[in-house]
Amino acid sequence: MLAAATLPPTVATALSVRLLESMVRIRFVEEAIARHYAGQQMRCPVHLSIGQEAAAAGVCAALRADDLAMSGHRSHAHYLAKGGDLPAMIAELYGKATGCCQGRGGSMHLVDLAAGFVGAVPIVGSTIPIATGLAFADRQLKRDRVTVAFLGEAATEEGVFHESANFASLHALPLVFVCENNLYSVYSPMHVRQPAHREVWQLAAGHGIAAHQGDGNDPLAVHELMHAAVAHARAGRGPVFLELKTYRWREHCGPGFDNHIGYRTEAEYLAWRERDPIARFEHRLQQSGEFDELRHAQFKDAVEAEIAAAFAAAQLAPFPAGTSLLHHVYAES
Amino acid sequence: MLAAATLPPTVATALSVRLLESMVRIRFVEEAIARHYAGQQMRCPVHLSIGQEAAAAGVCAALRADDLAMSGHRSHAHYLAKGGDLPAMIAELYGKATGCCQGRGGSMHLVDLAAGFVGAVPIVGSTIPIATGLAFADRQLKRDRVTVAFLGEAATEEGVFHESANFASLHALPLVFVCENNLYSVYSPMHVRQPAHREVWQLAAGHGIAAHQGDGNDPLAVHELMHAAVAHARAGRGPVFLELKTYRWREHCGPGFDNHIGYRTEAEYLAWRERDPIARFEHRLQQSGEFDELRHAQFKDAVEAEIAAAFAAAQLAPFPAGTSLLHHVYAES
Amino acid sequence: MKSSARELTYAEAIRDAFAVALERDPRVLLLGLGVPDPKGFFGTTLGLQKQFGADRVMDMPCAENGMTGVMLGAALNGLRPVINHQRLDFALLAMDPMCTQAAKWHYMFGGAMKMPVVFRMIIGRGWGQGPQHSQCLHSWFAHIPGLKVVMPTTPHDAKGLLLAAIEDDNPVVFIEHRWLHHLKGEVPAGHYTVPIGPARRARAGRDVTIVAFSYMVLEALEAAEKLAEDGIDAEVIDVRSLRPLDQSLLLASLRKTGRLVVADTGHSTAGMAAEILAIAGESAFGSLRAAPRRVCFPDCPTPTSPSLSAEYYPRAGHIVAAVRATLQRPPNDDDLLVPAGAELDKPNPAFTGPF
Amino acid sequence: MKSSARELTYAEAIRDAFAVALERDPRVLLLGLGVPDPKGFFGTTLGLQKQFGADRVMDMPCAENGMTGVMLGAALNGLRPVINHQRLDFALLAMDPMCTQAAKWHYMFGGAMKMPVVFRMIIGRGWGQGPQHSQCLHSWFAHIPGLKVVMPTTPHDAKGLLLAAIEDDNPVVFIEHRWLHHLKGEVPAGHYTVPIGPARRARAGRDVTIVAFSYMVLEALEAAEKLAEDGIDAEVIDVRSLRPLDQSLLLASLRKTGRLVVADTGHSTAGMAAEILAIAGESAFGSLRAAPRRVCFPDCPTPTSPSLSAEYYPRAGHIVAAVRATLQRPPNDDDLLVPAGAELDKPNPAFTGPF
Ligand SMILES: Cc1ncc(C[n+]2csc(CCOP(=O)(O)OP(=O)(O)O)c2C)c(N)n1
Ligand SMILES: Cc1ncc(C[n+]2csc(CCOP(=O)(O)OP(=O)(O)O)c2C)c(N)n1
Ligand SMILES: [Mg+2]
Ligand SMILES: [Mg+2]
């Protein structure tokens, strides 16, 4: 996806650059959505991942192109990191016929089968068993793919997470649960939802699943955890659960900021901004000499152009015809 | 309930006798049901607890009379151990107007509010959150009661168990989950339902709940675990989960035996019969000199008479009138 | 002090009902994802936690099934809980505790226990709510004996029916339409109830009976205005309570008009509109002078794109067209015209998203 | 070798359909609590695990919601799963994956994916199944666009519709009534399908149209025999497919008879019988010569006691009485007489419980 052919010499550097570029691209797309949202033409709820890019980038960089992923309401980053088609996503946000769901879904329903992004829907937890089923079918059909179920920490409160975890553990499915723990479910902090005396990953451990916690704002750390998890899962040794600690910068739903309304403190927010996954990582690469300033500037320009083109195309694209309303209610056999 | 006033000298002996008598009474009732079932007049599914009496007896002996309990499809033992009205239960099995649900429920729906037995229903797992809610209300209303949720090990596979466990752990509710692990869900053994590399109690531990495993065929061991659990819960230190290993002797549903049909081996069954909670405990009491043979014989006679009377009354009792069909659909405010 | 009426929005009326209930009865408890959040659950719970404490106005884990069950236990054991869902869709995870448990508990235990619990749900619409945030499944609940089901249209009824629901000793499903939240109306201060059951004649008329639910009552009233321009005098009945359902007002109206159009905010097959038509057939057969008609959702999930959702939702014009058909008047293409600039995926021009 | 018909029970016909499907298509997978158990899921899966392997005929954890979701993922990824519930009641834990996910998946992703999955459920009745093992909520599923819903009555249709369901690229709800399992009928060997959609004329008649579902078709046919003794010639339509619903056979029959009685094995309010009455009102208004009637469950949960369940379930006599009413004939007290010794809580005299 990201011109991987022209990567710098070492593999480690190649990976670092890939992670950085993946994060930057996600950030730029999300910021463009935030900017354009004010135009009131993306007429659907949007849940941005700004601040959480390292998880998507690190996880997807450890996957094969034919591995599968599913997500929930906050799925732009996952879709993009997995290689989902950007113009089709932007068009979907605009409700256009060229959208990845032909306008039927909007931001909360993304799909790109060619990229192995099998779908995202907004009922919290509901894609977890479906992703488990993808892994189950791959196992039954003796394919060596791995599936990723992206979820927020609130989804671990839904019983269906546990039902899926039990089944995945029972059948040693090639599945990785990637839980981005960003401390909030909408405006509700952890302490009104989960006991303070246990960590999220322990829930999965209770099911006999290999479970780890990591810094969700460090793409290399995420990648390392995920690399091992994918190897474990692909080898038939069963599912893995990763809890990635991170933080959402903007409001739960929508383009703005909402620290002023009182459910979290400005200080907490600022502390997490200090840990910006992109700035921190860029800095680290600069320190280690892995950062090619010119290349990065060119990359940013290219991404900005790619994004501008996607928005322009989406804005110009036709809406689905009213006459198509009843298409695709049933599949023709 | 069991003439506790005439107990032998020491407290320990008093407890042992109470446990033994509670188990024997349950066994006799269940065997009477099995005997009478062939008459085809108890026209409802029955799930007998023969072989599992120690759990009910040990648990309920550690409760106060005003503590609460709920159960599922296999609830006769729990209802009786908690002090539920025997004639009302038998009449309910016969579908009579004098039944504890006025014939509306049958074996799978028992209730005796006076005894603190708040209800049993056959949807697996469904009373777990309701019991959690009882404990929640007691906490809100500053009552110092403890609630017991009786469940089978299959109920821990239902997501709602985990949702309840999370909430109970979060709010440190005065609740004890008592899980009788009898190795089967209908005809399905553990290994097709739960991963072999983790124990059932670990699921609860994953929620940050104090969790223990014990010999469910040893009423004193059960009582000891439960005594500590109740103290813990009543002191506001949060819920406790007890996994009690035990075994059902008869068929999942109905009065007979079903080892011949092939889902479990005769050898396994016989090994568990060796561990008969009643014979083993009686033997132990004999060894320790706590067993009063005459008293026990009298007790058995009394129980047989009590049971015979309950069956006779139930058989004679009237059916609910057809004209009452639409009564109690709605409560009058 | 005598209660006096003020103009409130529907959302404010809900909040007002909650405040009255919490004040009057210490057993009342509000629980739900985001109930105490700073946006106040579309404004319907604003400030209540501050006023009544975190023990009585509570957030919860994201676990609809379990938390509904917990509320049943609380209801059996001395509280009067209201569980709140920001979307009806989320409550689908709790069909077992609502329909297999709560609805049957009083009956199946021979009257031993009461289950005073309210299941409050909001129906989403527009601005990309799409297939999973807009489901209208009120007929599912209306199908179940043991439940009561209300869908108030006006701020006055919202408050009065919510108080009645909280005070009822049975499980009550209370369904709000998101597009009613901004609606303004007279709402008495203090305590009052609107009884669960009776329907309301929202407009008297002679020529045709339009029966509507919830938000569709507004479209029905608009349709009646348009019909009046053509000299057609429509009666509009606001059902308010789906279970129990008030047949008498309906049948009295049909005896008068002989013509029926039902405007439902939901699917057609085995929906509430089907029930109204069935009742009309069974009990007003002799009065009916034309085939009754249903105005319901098209037979597909709710699409997200504004172009498709504009096509999807029936409007006043669809009701007008149905009425014309029952009167054997010729169809009028103008009925379905959308005024230039109209944004059909917004409840009102001031709405700006994102939710 | 040409397929030849043999006499099989309904349960055997189901088993036969599974065997054919598993044999023909390696993607077919059966999953459910007890599917491989020694009693064979009421005999409907007997021996299949042995024949086709534990990878294709599987037990599962007691987790209806999650396991249904897992089956959706399997369906998206190359398998054709059938998830089996011994009672419809248990499937209520899986309303989200069935109705919010499976039903909408093809539509809301713009046709990108297909969801070939069968949700098989059994309706319990009698012998104390009571409030939580006898729910008949087929109308809930029929309400949802994107699902198909079938309820076959005969062994022949059970096999043919089950094969059609498995071969369909859409989610199909397949509902069996426990009291049909022992029913015998001719069932062709080998592969055949009965198309999802068309209804079946179970008996031709001139005077009244009786529309029935599933088990109630048997009661309707018995009612027709009784009516024939009184010179009343009833046509019986076996709906078979609730979604899509075959209006044409129904309307053709109504044009002929002008009279309608619907016998449903479910609740009345917003149920399938309401839908049939609504369709009759909308599309056969001119043909109807009398008020149509519904024969449904009384408006209460299902009680357990045999004395109450005998009162609860409508029988042939209730259908006869309803038909008399549509014909303006006087009621006949004999219609509802229960023959001495009849045990109304058993599907047949040989049945002995416990389940
Ligand atoms: C079943 C269900 N319940 C509630 C909601 C409302 N809801 C939408 S997003 C969200 C928060 C989920 O939090 P989390 O899983 O931590 O993800 P995050 O938003 O933090 O990324 C909630 C509760 C929903 N969409 N589905
Ligand atoms: C939700 C639900 N799913 C399935 C069933 C069918 N069923 C009845 S009892 C039972 C077994 C439960 O096993 P367990 O919880 O271990 O209790 P046990 O019978 O062993 O005492 C099952 C699966 C049910 N009643 N409810
Ligand atoms: Mg979160
Ligand atoms: Mg068990």
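A short reminder: the numbers here are calculations on the coordinates, not readings from a lab. Quick caveat: nothing in here was measured; it's all calculated off a predicted structure. Because the Cβ atoms are built from the backbone with ideal geometry, glycine has one as well, and the counts that use them run over all protein chains shown.
Within 10 Å of each Cβ of A:247-258, how many other protein chain Cβ atoms are there on average?
Partner Cβ neighbours, averaged per residue: 2.
Once the Cα gyration tensor of the stretch A:9-318 is diagonalised, what are the square roots of 5 times its eigenvalues, in whole Å and ordered largest first, as equivalent ellipsoid semi-axes?
27, 22, 22
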Measuring label to label, 7 Å along Cα→Cβ, what does A:A196 give against each other copy in nm, shortest first?
4.2
Round to the nearest 10 and give me the degree value, 0 to 90, for the angle of helix C:64-76's Cα axis relative to the longest principal axis of chain C.
70 degrees
If the elastic network links every pair of Cα atoms under 10 Å, which of A:F177, A:F28, A:F150 fluctuates the most in the Gaussian network model of chain A?
A:F28
Calculated FRET efficiency, C:A252 and A:E268, Cβ-Cβ r, R0 56 Å, to nearest 0.05?
0.35
For B:C179, C:C62, what ranking results if the residue with the fewest other Cβ atoms within 10 Å of its Cβ goes first?
C:C62, B:C179
With a point put 7 Å past each Cα toward its Cβ, work out how far A:A297 is from D:D299 in nm, to one decimal.
7.8 nm
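What's the FRET efficiency of A:A114 with A:H260 using the Cβ-Cβ distance as r and R₀ = 60 Å, to the nearest 0.05?
Working: r = 42 Å, r/R0 = 0.70.
Approximately 0.90, to the nearest 0.05.
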In deg cm²/dmol, rounded to 500, what helix-only [θ] at 222 nm does chain C give when every DSSP H run of at least 4 residues adds -39500 (n - 2.57) and the total is split over its residues?
-9500 deg cm²/dmol
Past the 22 Å Cα-Cα mark, which pairs from D:K50/D:K114; C:K104/D:K148; B:K82/B:K300?
D:K50/D:K114; C:K104/D:K148
For a footprinting-style exposure proxy, rank C:H143, A:H191, B:H171 by other Cβ within 10 Å, fewest first.
A:H191, B:H171, C:H143
Mind putting a number on the dipole of chain A about its Cα centre? Charges go on the C-beta only, +1 for Lys and Arg and -1 for Asp and Glu, and I need it in Debye to the nearest 20.
460 debye
Bridge type composition, chain A - antiparallel percent by DSSP, nearest 5:
10 percent
Per-residue average of other protein chain Cβ atoms inside 10 Å, peptide C:291-303 -> 6
Against the longest alpha carbon principal axis of chain C, how many degrees, from 0 to 90 and to the nearest 10, is the axis of helix C:272-283 turned?
60 degrees
Output the DSSP H helices from chain B with an along-axis C-alpha extent of no less than 24 Å and a mean Kyte-Doolittle hydropathy no less than -0.5.
B:11-37, B:293-316
In degrees between 0 and 90, to the nearest 10, how far off the longest principal axis of chain D does helix D:316-326 point, with axes built from Cα atoms?
50 degrees
Take C:T154, A:T132 and order them by how many other Cβ atoms sit within 10 Å, fewest up front.
C:T154, A:T132
What is the sum of charges, Lys and Arg at +1 and Asp and Glu at -1, for the other residues whose Cβ falls under 13 Å from the Cβ of A:G238?
+4
Dipole magnitude (debye, nearest 20) for the protein assembly as shown, charges at Cβ of Lys, Arg, Asp, Glu
1280 debye
Along Cα→Cβ, 7 Å out, is where each label goes; now give me the distance between the ones at B:E224 and C:E343 in nm to one decimal.
7.1 nm
Have a look at A:A14, A:A56, A:A267 and tell me which one the Gaussian network model of chain A (Cα, springs below 10 Å) gives the largest fluctuation.
A:A267
Return the FRET efficiency for the residue pair A:A65, C:D334: r is the Cβ-Cβ distance, R0 is 60 Å, and the value is rounded to the nearest 0.05.
0.65
Counting partner chain Cβ atoms within 10 Å of every residue's Cβ in A:189-197, what's the average?
6
